[in-house]
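What follows is a single structure, written as structure tokens, with notes after it.
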Amino acid sequence: MADSKWMPRWFYQLASPRWCYQICGKLLPWFTVAALALLIGGTLWALIFAPADYQQGNSFRIIYLHVPSAILAQSCYMLMAVAGAIGLIWKMKVADMVAKACAPIGASLAVLALLTGAIWGKPTWGSWWVWDARLTSMLILFFLYLGVMALNSAIESESTAAQATAVLALVGLVNIPIIKYSVEWWNTLHQPATFKLTEKPAMPAEMWVPLLVMVIGFYAFFAVTLMMRLRNEILRRERRAGWVKELLLSK
Amino acid sequence: MSFNSFSEFLSMGGHGLYVWLSYGLGVIIILGNLIAPLQAGKRLRAQLTRRLIRESKGS
Amino acid sequence: MENLFCERDDRMLFEGLGFSVDAGEIVQIEGANGSGKTTLLRILSGLSRNYEGDIFWRGEPIDRVRDQFCRELLYFGHQPGVKALLTPEENLRWYCALHPSLDASRVAEALEQVGLAGFEDVPCHSLSAGQHRRVSLSRLYLSDAPLWILDEPFTAIDKRGVAAKEALIGRHIARGGSVILTTHQDLQGSSVVRSINLDRQGGH
Amino acid sequence: MENLFCERDDRMLFEGLGFSVDAGEIVQIEGANGSGKTTLLRILSGLSRNYEGDIFWRGEPIDRVRDQFCRELLYFGHQPGVKALLTPEENLRWYCALHPSLDASRVAEALEQVGLAGFEDVPCHSLSAGQHRRVSLSRLYLSDAPLWILDEPFTAIDKRGVAAKEALIGRHIARGGSVILTTHQDLQGSSVVRSINLDRQGGH
Amino acid sequence: MADLITQAASERAQIGPGGLFVATLRRDLMLSLRRKSELVNPLIFFLMVITLFPLGVSPEPGFLAQLAPGALWVAALLATLLSMDSLFRTDFDDGSLEQLLLSPQPLFIVVLAKVLAHWMLSGLALTLVAPVIAVMLFLPAEGMPGLMLSLLIGTPTLSLVGAIGAALTVGLKRGGVLISLLVLPLYIPVLIFGTSAVQAAVTGLPLGGYLALLGALLALGLALAPLAIGAALRISVSG
Amino acid sequence: MADLITQAASERAQIGPGGLFVATLRRDLMLSLRRKSELVNPLIFFLMVITLFPLGVSPEPGFLAQLAPGALWVAALLATLLSMDSLFRTDFDDGSLEQLLLSPQPLFIVVLAKVLAHWMLSGLALTLVAPVIAVMLFLPAEGMPGLMLSLLIGTPTLSLVGAIGAALTVGLKRGGVLISLLVLPLYIPVLIFGTSAVQAAVTGLPLGGYLALLGALLALGLALAPLAIGAALRISVSG
Ligand code: HEM
Ligand SMILES: Nc1ncnc2c1ncn2[C@@H]1O[C@H](COP(=O)(O)OP(=O)(O)OP(=O)(O)O)[C@@H](O)[C@H]1O
Ligand SMILES: Nc1ncnc2c1ncn2[C@@H]1O[C@H](COP(=O)(O)OP(=O)(O)OP(=O)(O)O)[C@@H](O)[C@H]1O
Ligand SMILES: [Mg+2]
Ligand SMILES: [Mg+2]
């Protein structure tokens, strides 16, 4: 775009689908190895070596999936909205594609957080679902993802779909902190801490270190799947470009 | 090592169902997120290559 | 209007199309049903942004002078943009507020000229198909905008109505305006018509 | 069809209008916008019952033979009756189920004849204005009904399309059918046209 | 010669009333399924109501359980009512309704098919998701059969009666009657018997009586409503 | 010569942005008032909900009083949401929206006028009838000011946010999205603060904090929503 002269060089490069495709291809093996190592190591640690919680017993081990997926679901939304904004303002195609690739990953992670939470809730609170602040705001985040995905699939023209989705994601982004605080406030008002989530400082190191490993592993895994989706999306949209034709025919 | 035997490990102190259900779901979702783009990518490449070959023959 | 230059690149419908419209000129876009006339007009008017290529208005890229361009444009699409629950007069008054190039003081006159005298305060849903479109067409009588983009303006209009509209377009041209239009009927009275045929273009 | 006789009495639009349509005849209803053409056609087809007077079908008052009349009538109104969300083919299939005079086995052929081959499975909302109307018009190719009532069938259709439709009407007439239609364009090829002008009538 | 034409038509394999019924049902289902964005998609509405009540009223399980039977039935009723307007309006706007009235096939067939399609995507769909929603509202498990049976028998009546209102108001461009006001009084008996059935089921009382009453209302509706709808449509289009 | 034309236009007494705002407001109000038969007329919807709850759930005053704040706010929210879809859809269908986007006047003026018109016939109307309805649901008299104030400050935000969803979905003919799905998550904070304010008022707690929060949301909405709506409209029409 003519009026974005002040953008640094790497930004331009990122904007080139071809460059982006190649750099993703180079990074993918490294991230895959890291993700696998961290996730498998973390899971073994979490399941076998970490001590049981004195209150919740072994059901506590669900935390090693639950918390990373919950954190990732939120980070993913932020990435999606930021990428959407970049696509909207600078008309950068790659950013649109990143935003589009984020939505299904984020939604699946939100599902994982919701399901593991629900499963955890049964032994801990005695019911699959309660209208608790965190649960409710996670459910709403999931709805936001659904909305973004539905809107994207409903619009046929790809550039229009990307723009519309970006607007929605941005509006949702403004709203996420508002939802979080309103829901938390609402809940503490009506239902004074019947069920308090375990607080972080209360955790000994042999419990939270594997958690940290899992969280980092989840980030690596997120990067892997995002890059894979992004590469597909680049290929699909740039199918008329010369370099894609060369690439495909060279194989 | 916080378990003394394998059966103890499986039962997770009575919470086996919940723990294994969660981890099962976790594995499914992680693998799904890896397999889905892999397969979509394969299909897409095959489809695009086929079209390219068709077009280059056609012209 | 010195120079309007327009160049487009689109995959399916037309490729490498380029033309310019000068003051005092009528450009008629021709083509069979589905050949992309409406699509082209929507792109030219700035409604649709799904295109590749450049459009210039008075020598400037259109995105730079969007505001000025809107001020000087009158667009008439397939849908007449007439509210069935409002009367012709109410419909027009709103358009006058919306677009500075429309002269609110001549609404009654315009309605009379399109043959709707006596129907000013009938809600549009009890007008006939042709009268409905005439309500929207009466904007042409109010407009000072130099560029008119008209998509099949004569649909459902009777012969006398068509003749009157053609005369109006002729007068607009004479005043130095320009018109881009599509129609499946032949333009009869008008002289300075240049036509662009979309059927020749592209793979459709 | 031996004898169709029709007589109407209405306050505002037309008074003492009376005409009959024979087999192999085209009757063109003429008149300016708002002169009552659509109103007349809706009355004739039995959609509107707000009239005074008598209409006969094959010599019988129409209310007596409503069922038979519906079976032998094809009506085409201002609104094309095409669902934007369905594909042309799905649209037509439903019409075939609705009306026994339409031949479901020829849907593909009819779509090809109106120039929509290749668009069978595109939802109608992404068709152009003319293509949209063509979907509805393709019912004419399917129909065995002796009487066609067509309200401005050529709107938004390009010239080649109009010629094809006129040829079709000609064939229908030759087979002994009859047609009542309105249009603001001139019928070119057709021979046996009798026209009835509503402008002369009534106080409008 | 003219008679030849007519004869040709009658010789062809004709699509009878049964075929028309199926074709209309398919068409209407297809239309609704393609237009997923339809605002008052009854299922979405249902889910919305269920999310909003805990947030708006109180998340307390005991209170929600008490609220559940009524809230579910009120939501079902509103969902039906809100989706009713579009039953004939889209057909009217695009001209299909005129074509429908000019068909020589019996009108009540098309009408019944349209109402059935509407019910399948509102009443039936609601009945099927009701258990899930009831769990989220902490309705006791004993109430489930009563809830599902009463919805299954009661909602078709809602669709039939609502269609009369929709047919009466379809031609109105301006002013006049409100479909809700026409229809709501007729809905009240269904609502009362329906919630009574659920409450009876929850408290373990026999609910056969309520279900029989709902069934009687349905039979009455099936017998009379199609005629009324057909007549109302003819009047609306002619006006 | 061409420049003469442009000059003529600029010499005439022009209708400025203020005039456009008033004209659009008048037009939208007129349209809604003429189309009285509109199904999702928020007031009718509100009244319906209030009639149905005592019938469907329980006529007990104590229970109803407890239900009232939430039910009123949920009804207000649903009424807004359901009437939202038509905000731009009718303009889109008949081509006025294209004209609107081609106007040289700032888009947010028209958008604000349309949202204001919508709010006057939904949120404002609801606020005005809310006391009557609250009495019918046995809401204690102490709750009234809280109810009215929270509705007055909260409902404009609902209209503003809903309009974003309406603008995003207006071009969609087929499939996919549900305006409700898009907008509902964004409504939750308003619902929570709104009902909290009413409940605080009923129990005699200070409600200034909640009202301030609702006001902050409104300010945020007023600042950002018109931009988002305008962008969304351009995107939708272009697609
Ligand atoms: C469907 C049910 C549940 C959902 C949707 C849910 C959601 C969440 C979310 C969104 C977080 C925040 C992650 C972050 O950003 O740090 C979280 C953290 C957490 N959850 Fe859950 N949760 C659920 C059930 C449970 C249950 C039943 C427990 C255990 C009793 C639990 C224990 C925790 C813990 C210990 C944390 C970490 C706290 C922290 O790091 O701040 N959750 N959950
Ligand atoms: N629903 C209605 N209520 C009241 N008056 C109506 C209604 N529909 C049409 N009219 C009036 O009846 C007259 C005839 O309308 P009609 O639609 O028959 O005209 P037409 O000859 O078909 O015109 P066109 O060529 O524009 O289609 C018009 O003057 C119109 O104002
Ligand atoms: N929303 C849409 N999505 C996808 N394709 C579309 C859409 N609208 C139009 N098209 C396609 O684009 C082509 C051109 O349409 P357009 O409306 O520009 O034709 P037109 O020349 O104006 O025809 P007409 O004379 O019938 O008005 C058509 O083949 C149509 O099928
Ligand atoms: Mg066109
Ligand atoms: Mg007419």
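The values are calculated or read from the model by the stated rules, or taken from the named source; none is laboratory data. Since the model is a prediction, treat every value here as computed from it, not as a measurement. For neighbour counting, all protein chains shown are included, and Cβ atoms are generated from backbone atoms with ideal geometry for every residue, glycine included. With ligands, DNA and RNA removed, areas are computed over all heavy atoms of the protein, side chains included. Shrake-Rupley method; radii C 1.70, N 1.55, O 1.52, S 1.80 Å.
Note on region D:15-100: enclosed helices (runs of 4 or more DSSP H) holding 3 or more residues that are at the interface with chain E (Cβ under 7 Å from one of its Cβ atoms) are D:66-71, D:88-98. When residues in region F:40-78 are screened for being over 15 Å from the mean Cα position of the chain (by Cα) and part of a helix (DSSP H, G or I), 23 of them pass. Scanning region D:30-45 for residues being open to solvent by 10 Å² or more (accessible area, probe 1.4 Å) and either over 18 Å from D:Arg194 (Cα atoms) or within 16 Å of ligand 1 (Cβ to nearest atom) (or both) gives a total of 4. If you filter region B:31-42 down to residues that are open to solvent by 30 Å² or more (accessible area, probe 1.4 Å) and within 9 Å of chain A (Cβ to nearest Cβ), you find that the one that is farthest from A:Glu233 (Cα to Cα) is B:Gly32.
Return the residues of region D:117-132 that are more than 8 Å from ligand 3 (Cβ to nearest atom) and either assigned to a helix (DSSP H, G or I) or facing chain C (nearest Cβ under 8 Å) (or both); say none if nothing qualifies. Scanning region D:117-132 gives a single hit, D:Cys124.
Among the residues of region D:155-172, those that are under 13 Å from the mean Cα position of the chain (by Cα) and either more than 16 Å from ligand 4 (Cβ to nearest atom) or in a helix (DSSP H, G or I) (or both) comprise D:Lys165, D:Glu166, D:Leu168, D:Ile169, D:His172.
Looking across region C:139-154 at every residue that is of a type outside the set (A, V, I, L, M, F, W, C) and part of a loop (DSSP other than H, G, I, E, B), the one that is nearest to ligand 1 (Cβ to nearest atom) is identified as C:Glu152.
For region D:101-116, the candidate set comprises residues that are in a loop (DSSP other than H, G, I, E, B), touching a residue at least 40 places away in the same chain (Cβ under 8 Å) and more than 11 Å from chain E (Cβ to nearest Cβ); within that set, the residue that is farthest from D:Phe76 (Cα to Cα) is D:Gly115. With respect to the stated conditions, C:Leu198 is buried (at least 19 other Cβ atoms within 10 Å of the Cβ) and either more than 30 Å from D:Gln188 (Cα to Cα) or more than 16 Å from ligand 2 (Cβ to nearest atom) (or both). Flag set for C:Gly24, criterion: out of contact with any Leu (no Cβ under 9 Å at 6 or more places or on another chain), open to solvent by 10 Å² or more (accessible area, probe 1.4 Å) and modelled with pLDDT under 85. In the set C:Leu92, C:Leu74, C:Leu86, only one residue is surrounded by fewer than 22 Cβ atoms within 10 Å (Cβ to Cβ) and in contact with a Leu (Cβ under 8 Å, 6 or more places away or on another chain); that residue is C:Leu86.
In region E:122-132, what count of residues is obtained for those that are surrounded by fewer than 21 Cβ atoms within 10 Å (Cβ to Cβ) and either more than 25 Å from E:Leu87 (Cβ to Cβ) or in contact (Cβ under 8 Å) with a residue 12 or more places away in the chain (or both)? Number satisfying all stated conditions: 6. When region A:115-126 is limited to residues that are assigned to a helix (DSSP H, G or I) and open to solvent by 30 Å² or more (accessible area, probe 1.4 Å), the one that is nearest to ligand 4 (Cβ to nearest atom) turns out to be A:Leu115. Screening the candidates E:Ala219, E:Ala201 for the property of being assigned to a helix (DSSP H, G or I) and out of contact with any helix residue (DSSP H, G or I) (no Cβ under 7 Å at 6 or more places or on another chain) yields one hit, E:Ala219. The condition of being more than 27 Å from E:Arg89 (Cα to Cα), among the small types (Gly, Ala, Ser) and free of Cβ contacts under 8 Å to residues at least 40 places away in the same chain holds for only one of E:Gly215, E:Gly204, E:Gly208, that being E:Gly208. Cβ separations smaller than 9 Å between residues 6+ apart or across chains give the following pairs from region F:220-234 residues that are over 17 Å from A:Ala161 (Cβ atoms) to residues that are in a helix (DSSP H, G or I) and open to solvent by 60 Å² or more (accessible area, probe 1.4 Å): F:Leu220/A:Val174; F:Leu224/A:Val174; F:Pro226/F:Phe108; F:Leu227/F:Phe108; F:Ile229/F:Phe108; F:Gly230/F:Phe108.
Under 6 Å between Cβ atoms, which residue pairs at least 6 apart in sequence (or on different chains) link something in region A:217-228 that is not assigned by TED's automatic domain parsing to the domain that holds A:Ala46 with a partner that is among the β-branched types (Val, Ile, Thr) and in a helix (DSSP H, G or I)? Hits for this filter: A:Val224/A:Thr32; A:Thr225/A:Ile105. Reported count of residues in region F:74-106, each being open to solvent by 20 Å² or more (accessible area, probe 1.4 Å) and out of contact with any Leu (no Cβ under 7 Å at 6 or more places or on another chain), is 7. When you look at E:Thr195, is it out of contact with any Pro (no Cβ under 8 Å at 6 or more places or on another chain) and open to solvent by less than 20 Å² (accessible area, probe 1.4 Å), yes or no? In short, no.
When A:Leu151, A:Leu139, A:Leu144 are checked against the criterion of being within 18 Å of A:Gly172 (Cβ to Cβ), surrounded by fewer than 21 Cβ atoms within 10 Å (Cβ to Cβ) and within 14 Å of chain E (Cβ to nearest Cβ), A:Leu139 stands alone in meeting it.
Residue by residue, here is whether (1) of a type in the set (Phe, Trp, Tyr); (2) open to solvent by less than 10 Å² (accessible area, probe 1.4 Å) holds:
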{"position": "A:Tyr64", "(1), (2)": "yes, yes"}
{"position": "A:Met80", "(1), (2)": "no, yes"}
{"position": "A:Gly84", "(1), (2)": "no, yes"}
{"position": "A:Ile89", "(1), (2)": "no, no"}
{"position": "A:Ala95", "(1), (2)": "no, yes"}
{"position": "A:Pro104", "(1), (2)": "no, no"}
{"position": "A:Ala113", "(1), (2)": "no, yes"}
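Scanning region D:149-179 for residues that are in contact with a Ser or Thr (Cβ under 9 Å, 6 or more places away or on another chain) and either free of Cβ contacts under 8 Å to residues at least 12 places away in the same chain or within 16 Å of ligand 5 (Cβ to nearest atom) (or both) yields D:Ile149, D:Leu150, D:Asp151, D:Glu152, D:Pro153, D:Phe154, D:Thr155, D:Ala156.
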